[in-house]
Amino acid sequence: MIRYALICQQGHEFESWFQDSVAYDKQAKRGLVSCPHCGAVKVEKAIMAPRLSTTAKKRAKSVDAPMPASEAPPVSAPAPAPVAMISPQEQEIRTKLKELRDHLTKNADNVGAKFPDEARKMHYGETEHRSIYGVASPEEAKELSEEGIEFHPLPSLPDERN
Ligand SMILES: [Zn+2]
């Protein structure tokens, strides 16, 4: 027995069993193979073509379906989405940090290791208030903060940590 996928002249698809291919040819020629939907006797072997096209459609759909950006071919996605989403934000923050840092270093005096002393002098009114920057050890920073002296860590940029 052989099963054929058949299609009638109206485009109805159906399946039918035959003894063999010769039996099908004979029956089809005699008009013994009729469409179960419309009764048309003019039918052809679909030869799995409709099924293949269905599979092709399904394949095409699965290709169109959202894919993880990392798996997307580089041709259709020049910039992987996650990187494109995050990188500009990081770049923006980094730019702002750099601006702040540049502003500080341009407008403040670098007092280096004397920062705790200088900060203390300003805090207690020994010298005039001005912007300064420098370095402070964790203990010094703790002492300054306990004395109520307000200061901020100078932002470091990601590429300077390496
Ligand atoms: Zn039909």
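The values are calculated or read from the model by the stated rules, or taken from the named source; none is laboratory data. Everything quoted here is computed from the prediction, not taken from an experiment. Positions of Cβ are generated from backbone atoms using ideal geometry, with glycine treated the same way; all protein chains shown enter the neighbour counts. Quick note on the areas: whole protein, heavy atoms, side chains included, nothing else; ligands and nucleic acids left out. Shrake-Rupley method; radii C 1.70, N 1.55, O 1.52, S 1.80 Å.
Scanning the stretch 37-54 finds no residues that are hydroxyl-bearing (Ser, Thr, Tyr) and at pLDDT 55 or above.
Hey, does the stretch 58-67 have a residue that's at pLDDT 90 or above, open to solvent by 90 Å² or more (accessible area, probe 1.4 Å), within 46 Å of the chain's Cα centre (by Cα) and not aliphatic (A, V, I, L, M)?
Pass one, the stretch 58-67, residues at pLDDT 90 or above: none.
Scanning the stretch 58-67 turns up no residue that is at pLDDT 90 or above, open to solvent by 90 Å² or more (accessible area, probe 1.4 Å), within 46 Å of the chain's Cα centre (by Cα) and not aliphatic (A, V, I, L, M).
Cβ separations smaller than 8 Å between residues 6+ apart or across chains give the following pairs from the stretch 128-140 residues that are of a type in the set (Ser, Thr, Tyr) to residues that are assigned to a loop (DSSP other than H, G, I, E, B): Ser131/Ala108; Tyr133/Ala108; Tyr133/Leu154. Filtered by the rule that a residue be within 16 Å of the ligand (Cβ to nearest atom) and either open to solvent by 70 Å² or more (accessible area, probe 1.4 Å) or touching a Pro at 6+ places or on another chain (Cβ under 9 Å) (or both), the stretch 9-38 gives Gln9, Gln10, His12, Glu13, Phe14, Glu15, Ser16, Leu32, Pro36, His37.
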